[in-house]
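Taking it in order: structure first as structure tokens, then the write-up.
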Amino acid sequence: MAIRKGWLGRLPVIGQLRQSVGLQRGMLVTGLVLTGLVLLTAILAPVVAPYGYAQLAADGVNFGAQKPPSAAHWLGTTVGGYDVLSRLIWGAQTALLVIVVAVLMSIVAGVLLGLVSGYLGGWLDRVLVVIADAIYAFPSLLLAIVAAIMISGGQSGLWSGVFAAGIAITVIFIPQYFRVIRAEVVRLKGDAFIESAKVVGASSARIMFVHALRNSTRTLPLIFTLNAAEAVLTLAALGFLGFGIEPTAAAEWGYDLNRSRSDVTSGIWWTSVFPGVAIVLVVLGLTLIGESLNDLADPRLRTRRRPGPKQPAETSVTEVIQ
Amino acid sequence: MSAGQATAPVVDIRDLRVVFATDGGDVVAVDGVDLAVAPGEIVAIVGESGSGKTVTARSILGLLPETAAQSGAVIVGGEDVVTADSRELREIRGRRAAMVFQEPSSVLNPVFRVGWQIAEGLRAHGRVSRAEGRARAIEMLRRVGIPEPETRVDYYPHQFSGGQKQRIVIAMALALNPAVIVADEPTTALDVTVQAEILELLRRCRDEYGTAIVLITHNMGVVADLADRVVVMHHGRVVEEAPVERLFAAPRDEYTRQLLAAVPRLEGGPSTAHEAPSSVPERAAGESKGVVEAAGLVIEYPARFGRKAFRAVDDVTFAIAPGEVLGLVGESGSGKTTIGRAIAGLTPVTGGRLDVLGVDLAAARERTFRPQRRRLGFVFQDPGTSFDPLMTIGTAIAEPIHIHGTASERTGARRRVEELLEAVRLPRAYADRFPHELSGGQRQRASLARGLVLGPDLLIADEPTSALDVSVQAAVLELFAELHAEFGFACLFITHDLAVVDQVADRVAVLYRGRIVEEGPSGEVLRAPREPYTQRLLASLPIPDPVLQRARRVLGP
């Protein structure tokens, strides 16, 4: 990257967007559009949604249960008598909150632990690595359920529900951030610029937080997006298993899916398809961003524009064969 | 030059142009190069990094990455590599052209026996039975001078030394008896004494099997020793092409002259670069206490459980007086870098005494030594990694001030940084640049500036110029001498290059396997060595003059 780009180019995702070409650009743009749509929906939920997430009646008239899509209820109503579209839109908000809470908490904790463990090493490092490995060994959903029960006693309102789900997911994610950052810091520790800081007389804290921290966070946007996708899935799974958030406290797609199980056999498709599609789209969007960032971060996987116009035709043929 | 000019060339490059697509746009690496190699001829391609010499040589085997687009023709044995498809390329590789890489340890696959790896080339070009492959591998190993090839054919790469590994790589290249071998810096990763042996082997390949060699190197001594003809490249173009004697005796191009002038020489005559050590006598009279004093210094690296610790430095005694430059030379593994790191407090001392700036590092803790660190500067070998990539050069240079400095020093940090940038002849504006925006030489200057920012009493320079091109190295060494005259710091200058140490050091200590074998004023040690090891070291160093080198080779060691 010989040319100096503006500050805009240095932002994690925008820089990569400019670099990308072809299929990788397509993937990244699709992911960004999908994720952007979900973000907008979540933020504008109070404006966009026709009804509240726990609303059962409008103008004193009940919606009625399991009504097919109509002008009043574009996507029909659920078995509990809620409007499917409204719950879909409000559900984006819940999903976003959980992502933010879970990923923020796990990044802060994981990065700190990884930094200290990787740089200081010794027995602290060994203990932390063993704990991280032990957490890996648990089925993540089981761990999330245990955490959810411990935190909220199983049931909850919006914020306690969000935090219960968030913390449950955090527990699973901390080892991932921990391992990535630790590996980077261990690698950096042998680099000349860290040694040079040591020779100069910098304290361990200064080396860790000034030199090592910023240089070890390159891969974070990547894990961040992939983990965000996993957070949505875990939240939905918790809701589906009945450890999520009460329908009166917030809309949650996993809960809706759970309630629509019996509908599927009786030909009521709208209660299960739409929350399902919403989960798929969010996860797909985030995963597309993550995967294309992953490819773009690796110079060997990154496709580039073909060099120069003076390229002989034979060369391109050769490359197709290879 | 030995082969008749009438025979068809084994490699014929015509108007080759290679363009790389990078994140910063298209880069022209090779721009219209013409080059022909006759059978049995050794052609050296020389030039600085980025001159396109490696790309040109790799195009002979069609080994360019996918981001490269080439035009022109590279004809190897009648076949054009540029337009060849992958099947034709496979046919060319190995049979007609083979390659010897720079780093033998990474070329050999660590999990396969070397015999298997040599036979791999044979298997790729036709059916070979196991017994045949093995017999052929043994024969190849014998040819390249591996002792007891019958048993060692079953060894794994890690059981060989660096020089032997390079011999095995050459054996792999020779296995199919190619018409030309491309050798990309074949001796750069090796010590001088091993380098001499490998060069001898390459010469024998030509003499006995008539293999043409395309030698890529930046080392003019190697060129003078081995090459018949030299091609000088600069910015992707050939600037001069001449037989080796003529190139060294009467270079025509301005750039070639610069390149040759920059080569450090270690000649028999009186030292040329020694105006600086005028400070030596006055110091000897006045001070008695050295900046560094080591007595019976022992440094061990702990081994894996149950094994004996590895003794890197064994009973070493030396001293560095204030203002003196001590050159520490030795081959890889001699412990020279370990000593430098121990003085900087990066490696713990196992035994003996090591006084640095009045603190005994063998007994002291990091906490007691830290205040003394402001009197110590360190210049690392690789300027590419010794700067935090996310910090501007200015911030990095000022870091010692922010850690050790007083309040007034901190407020004046920016001015001090600019002063130092000027002292190392970099523009002031470079303070706001990031390390990747500077060239290797510029970064090493900035590294010197950082080492000197607090006006240290002691500077440790660990191979500061070995990652640089010769012309850049010359400029950095000159700058070093000037800074030394100006600031008057004591210095431990660690290097493997005897010619470099001759330029900068007042005294030289020669290390061999963790022990100092010879120590004394640099003129004495380098021109009238007493110890056999020092003599061997000096004899292995190829002289950058083809006529002298040939004469020396005929005389024999």
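The values are calculated or read from the model by the stated rules, or taken from the named source; none is laboratory data. All values reported here derive from a predicted model rather than from experimental measurement. Ideal geometry is used to build each Cβ from the backbone, glycine not excepted, and the neighbour counts take in all protein chains shown. Note: accessible area is taken over every heavy atom of the protein model, side chains too, but ligands, DNA and RNA are not part of it. Shrake-Rupley method; radii C 1.70, N 1.55, O 1.52, S 1.80 Å.
Our coupling estimate for the stretch B:146-160, obtained by passing each phi through the Karplus curve with A = 6.51, B = -1.76, C = 1.60 and θ = phi - 60°, is 8, x, 6, x, 5, 8, 6, 5, 9, 7, 8, x, 5, 8, 10 Hz, Gly and Pro reported as x. Across peptide B:376-387, the average count of Cβ atoms from other chains found within 10 Å of a residue's Cβ is 4. Across the protein chains, with a 1.4 Å probe defining accessible surface, the residues B:HIS235, A:HIS211 rank B:HIS235, A:HIS211 from largest area downward. The long axis of helix A:122-137 is offset from the longest Cα principal axis of chain A by roughly 40 degrees.
Counting only alpha carbon atoms, the long axis of helix B:440-452 and the longest principal axis of chain B meet at about 20°.
The distance from the alpha carbon centre of the stretch B:217-243 to that of the stretch B:71-122 is 23 Å, rounded to a whole number.
Report the one residue of A:THR248, A:LEU115, B:ILE339 whose Cα lies farthest in the direction of the positive end of the charge dipole of the protein assembly as shown (charges on C-beta: Lys and Arg +1, Asp and Glu -1; origin at the Cα centre). Value computed over the given set: A:THR248. What the phi angles of the stretch B:461-478 give under the Karplus curve with 6.51, -1.76 and 1.60, with θ = phi - 60°, is a coupling list of 10, 9, 6, x, 10, 6, 8, 10, 5, 4, 5, 5, 4, 4, 5, 5, 5, 4 Hz, glycine and proline written as x.
B:GLU519 exposes around 60 Å² of accessible area when a 1.4 Å probe is run over every protein chain in place. With respect to chain A, whose longest principal axis is taken over its alpha-carbon atoms, helix A:158-189 is tilted by about 10°. Within the protein assembly as shown, DSSP assigns beta bridges of which about 55% are antiparallel (rounded to the nearest 5).
The count of lysine pairs in chain B whose Cα atoms are under 25 Å apart, excluding pairs fewer than 8 places apart on the same chain, comes to 4.
Here the dipole of the stretch B:1-129 is about 660 debye; that uses its Cα centre as origin and unit charges on the Cβ of Lys and Arg (positive) and Asp and Glu (negative). Ignoring aspartates and glutamates fewer than eight residues from A:LYS198 along the same chain, the ones with Cα atoms less than 14 angstrom from its Cα are B:GLU366, B:ASP388, B:GLU399.
Loop-located trypsin sites (Lys or Arg not before Pro) in the stretch B:452-557 (DSSP state not H, G, I, E or B) with no more than 14 neighbouring Cβ atoms inside 10 Å: B:ARG530.
Shielding by partners for peptide A:198-209, expressed as the average number of C-beta atoms from other protein chains within 10 Å of each residue's C-beta, is 6.
Qualifying trypsin sites (Lys or Arg not before Pro) in the stretch B:334-394, where qualification requires a DSSP coil assignment and no more than 15 other C-beta atoms within 10 Å, comprise B:ARG365. Could you compute the FRET efficiency for A:ASN62 and A:LEU241, with r as their C-beta to C-beta distance and R0 at 35 Å, rounded to 0.05? So the FRET efficiency works out to roughly 0.75. Could you tell me whether chain A comes out rounded, prolate or oblate from its Cα gyration tensor? Rule is a ≥ b ≥ c as square roots of the eigenvalues, rounded for a/c under 1.5, then prolate if a/b exceeds b/c, otherwise oblate. Cα axes put chain A in the oblate bin. Legend: calculated FRET efficiency, B:ASP154 to B:ARG127, from the Cβ-Cβ distance at R0 = 30 Å, rounded to 0.05, equals 0.85.
Centroid-to-centroid, using Cα positions, the stretch A:31-67 and the stretch B:479-557 are 80 Å apart. When the Cα positions of B:ILE168, B:MET140, B:CYS205 are compared along the charge dipole of the stretch B:112-209, B:MET140 comes out farthest toward the positive end, with charges on each C-beta of Lys, Arg, Asp and Glu. Here chain B is assigned +1 on the Cβ of each Lys and Arg and -1 on the Cβ of each Asp and Glu. Its dipole about the Cα centre then comes out at about 1480 debye. Ranking B:VAL222, B:ALA319, B:SER386 by how far each Cα lies toward the positive end of the dipole of the protein assembly as shown (charges on Cβ) leaves B:SER386 at the top. Taken about its Cα centre, chain A carries a charge dipole of roughly 1340 debye when the Cβ of each Lys and Arg holds +1 and the Cβ of each Asp and Glu holds -1.
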